[in-house]
2 protein chains.
Amino acid sequence: MKIVLIGAGNLATQLASALTAASHQIVQIYSRTKESAQALAEKTNTSFTTDIKQITSDADIYIFSVTDSVVVNLIEQMPFNNGLWLHTAGSLPMNVFEGYCANFGVIYPFQTFSKKRNVGFRNIPFLTEANNELSMEKINDLLAKVSGSIRPLSSDKRKYMHLTGVFACNFVNHLYHISENILNKEDIPFDIILPLIEETANKVKTLSPQEAQTGPAIRMDRNIIDKHLSLLDDKNHREIYRLLSEDIFKKNKKD
Amino acid sequence: MKIVLIGAGNLATQLASALTAASHQIVQIYSRTKESAQALAEKTNTSFTTDIKQITSDADIYIFSVTDSVVVNLIEQMPFNNGLWLHTAGSLPMNVFEGYCANFGVIYPFQTFSKKRNVGFRNIPFLTEANNELSMEKINDLLAKVSGSIRPLSSDKRKYMHLTGVFACNFVNHLYHISENILNKEDIPFDIILPLIEETANKVKTLSPQEAQTGPAIRMDRNIIDKHLSLLDDKNHREIYRLLSEDIFKKNKKD
């Protein structure tokens, strides 16, 4: 299939490689900034534009892979065509396309993407949605060789997925960051904590998070909790420690 | 080496298997409750006692592997002998042994242990400390075939390790728990989030947590943050969301 990529950021870049590897053809790249557009166009051996009005009208699929807040604005400016329009955003409903094109949908890859790290797409769940059956079939064709986990999900449920992603990824990563700060101050190398991080993540593959819980908070061990609070010199970190400990104790008692 | 295990809980049980596999000999098990003592004694094919005064005096090593709050009390009751006394607690300083025995130290396995899940000891960092060189040599002999990562660390630093463990394991697991709750309510299976959990944990093996951070909080995207807060019906979870988002924004701006 012939694909136009609207966006040249990190996800768009990784998506471009994955789609090309799956024998699809990227025919054009759009980006607001020439540098990003050109860089990705060279990588995928295709043409680029920085003018949304200049996007070719004869591609099969148009993928909007830009920051959530920009998607709607770009949709509004894009000339009508007969292709399938898709976005990749967790928090945007599918109906942002309504009135602007005939066939549309969503492919939301549920993963964290960073410039400096390539991820294999095979294991990434793609949460999909389409405005009609033909669009859904096209999405399935598009992703068949890209991901091993394609899951239809409504806009209403998708926003909850995005929310859980913040808890299980962004917030989790911040707790790693806090741990790193504490270790740095004590001149202890961060790598000492990696086996614990790995096992904590692996545990919930076979146990529920509730079964997997350990540590002082679950038994409200005031002796250790107070010791720990006294070791934290950052007010916010003390507040986070207190709040999470209370919630652990409460939720494991009640459930 | 001949070992007496004081404690028959989850860590003691897993330690017993690892030590036996490393050709050490468990000669006696102590536990306050007969059932646990007997169960572990049968497993390791050895004798047991529920009376701390009846512990044999001719073993090489005595490992106190019980809840932190109980360790001191047991040390006080245990008859003097010439063996090496060790505890496995993160938050207890080594000097709890002072005055009760001649040779002592700490072997703190930095990992999370649950009854229903066996972990391989080879990758678990053991944080060690001893009151003299000979004791440290014995500890190294004891653990040589058990763990591939033996790291001497003072009591003062060890308590910070324990603290980071709470952040990077207990609190992280609770964020998994919150995610599971949200997904359950929406009838979305928990396994859909496992690839994200895995990649988040793997990312910090090659990127620093700061480099790895993504999501709405880092750019203080009020639009998405407010949407997410409105989706959370648990007051505590809203507070956790707010506090962690603020801290992510603050810490990534400053650093």
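Pairs linking a residue in the stretch A:129-147 that is over 9 Å from A:Leu86 (Cβ atoms) to a residue that is part of a loop (DSSP other than H, G, I, E, B) and β-branched (Val, Ile, Thr), with Cβ atoms under 6 Å and 6 or more positions apart or on different chains, are A:Ser147/A:Ile124. Of the residues making up the stretch A:202-210, one or more are assigned to a helix (DSSP H, G or I), hydroxyl-bearing (Ser, Thr, Tyr), within 7 Å of another protein chain (Cβ to nearest Cβ) and in contact with a Lys or Arg (Cβ under 7 Å, 6 or more places away or on another chain). Taken together, the criteria exclude A:Glu246 from residues that are touching a strand residue (DSSP E or B) at 6+ places or on another chain (Cβ under 9 Å), of a type outside the set (Ser, Thr, Tyr), assigned by TED's automatic domain parsing to the domain that holds A:Leu183 and surrounded by fewer than 21 Cβ atoms within 10 Å (Cβ to Cβ).
Suppose the filter is modelled with pLDDT of 95 or more, out of contact with any His (no Cβ under 8 Å at 6 or more places or on another chain), assigned to a helix (DSSP H, G or I) and of a type outside the set (A, V, I, L, M, F, W, C); does A:Glu199 pass it? Judged against the criteria, A:Glu199 is a match. Scanning the stretch A:207-255 for residues that are among the charged types (D, E, K, R) and under 10 Å from B:His174 (Cβ atoms) yields A:Asp247, A:Lys251.
Can you tell me which residue in the stretch A:134-174 is farthest from the chain's Cα centre (by Cα), limited to those that are assigned to a helix (DSSP H, G or I) and among the polar types (S, T, N, Q)? My answer is A:Ser135. For the stretch B:111-131, residues that are under 28 Å from A:Ile218 (Cβ atoms) and either assigned to a strand (DSSP E or B) or in contact with a Pro (Cβ under 7 Å, 6 or more places away or on another chain) (or both) total 10. Within the stretch A:138-156, identify whether any single residue is acidic (Asp, Glu), more than 22 Å from B:Ala217 (Cα to Cα) and in contact with a strand residue (DSSP E or B) (Cβ under 9 Å, 6 or more places away or on another chain), and answer yes or no. No, there is no match, as no residue in the stretch A:138-156 is acidic (Asp, Glu), more than 22 Å from B:Ala217 (Cα to Cα) and in contact with a strand residue (DSSP E or B) (Cβ under 9 Å, 6 or more places away or on another chain). Figure legend. Inter-residue proximity from the stretch A:74-97: first residues β-branched (Val, Ile, Thr), second residues part of a loop (DSSP other than H, G, I, E, B), beta-carbon distance below 7 Å, spacing 6+ or different chains. Indicated pairs: A:Ile75/A:Tyr100; A:Thr88/A:Ser65.
Suppose we keep only residues that are out of contact with any Ser or Thr (no Cβ under 6 Å at 6 or more places or on another chain), under 20 Å from B:Ser17 (Cβ atoms) and more than 8 Å from every other protein chain (Cβ to nearest Cβ) within the stretch B:129-149. Which one would you say is surrounded by the fewest Cβ atoms within 10 Å (Cβ to Cβ)? For the stretch B:129-149, the residue satisfying everything is B:Ala144. The residues on offer are B:Ile178, B:Ile240, B:Ile224, B:Ile193, and the sole one that is facing another protein chain (nearest Cβ under 7 Å), under 15 Å from A:Tyr160 (Cα atoms), part of a helix (DSSP H, G or I) and touching a residue at least 40 places away in the same chain (Cβ under 8 Å) is B:Ile178. If you go through the stretch B:1-30 and pick out every residue that is over 14 Å from B:Asp141 (Cα atoms), of a type in the set (Ser, Thr, Tyr) and surrounded by fewer than 23 Cβ atoms within 10 Å (Cβ to Cβ), you end up with 2. None of A:Ser245, A:Ser230 is under 29 Å from the mean Cα position of the chain (by Cα), in a helix (DSSP H, G or I) and more than 7 Å from chain B (Cβ to nearest Cβ) except A:Ser245. When you check A:Phe121 against the structure, is it within 20 Å of A:Thr13 (Cα to Cα), touching a Ser or Thr at 6+ places or on another chain (Cβ under 8 Å) and not basic (Lys, Arg), yes or no? Yes; evaluated as a whole, the condition is true for this residue. Exactly one residue out of B:Ala16, B:Ala41 is under 21 Å from the mean Cα position of the chain (by Cα) and either at negative phi or modelled with pLDDT of 95 or more (or both), and it is B:Ala16.
Residues in the stretch A:57-75 that are farther than 14 Å from A:Leu19 by Cβ and either more than 14 Å from chain B (Cβ to nearest Cβ) or in contact with a strand residue (DSSP E or B) (Cβ under 9 Å, 6 or more places away or on another chain) (or both): A:Ser57, A:Asp58, A:Phe64, A:Val66, A:Asp68, A:Val70, A:Val71, A:Leu74, A:Ile75.
Among the residues of the stretch B:92-110, those identified as crowded, with 21+ Cβ neighbours inside 10 Å and part of a loop (DSSP other than H, G, I, E, B) are B:Leu92, B:Phe110.
Residue by residue through the stretch A:128-185, note down the ones that are small (Gly, Ala, Ser) and farther than 29 Å from A:Gly99 by Cα. Matches in the stretch A:128-185: A:Ser147, A:Gly148, A:Ser149, A:Gly165, A:Ala168, A:Ser179. Among the residues making up the stretch A:44-83, a single one is assigned to a loop (DSSP other than H, G, I, E, B), surrounded by fewer than 16 Cβ atoms within 10 Å (Cβ to Cβ) and within 24 Å of the chain's Cα centre (by Cα): A:Thr67.
The values are calculated or read from the model by the stated rules, or taken from the named source; none is laboratory data. The shown structure was predicted, so the numbers you read here are calculated from the model rather than taken from an experiment. Here the Cβ is made from the backbone with ideal geometry for all residues, glycine too, and neighbour counts use every protein chain on show.
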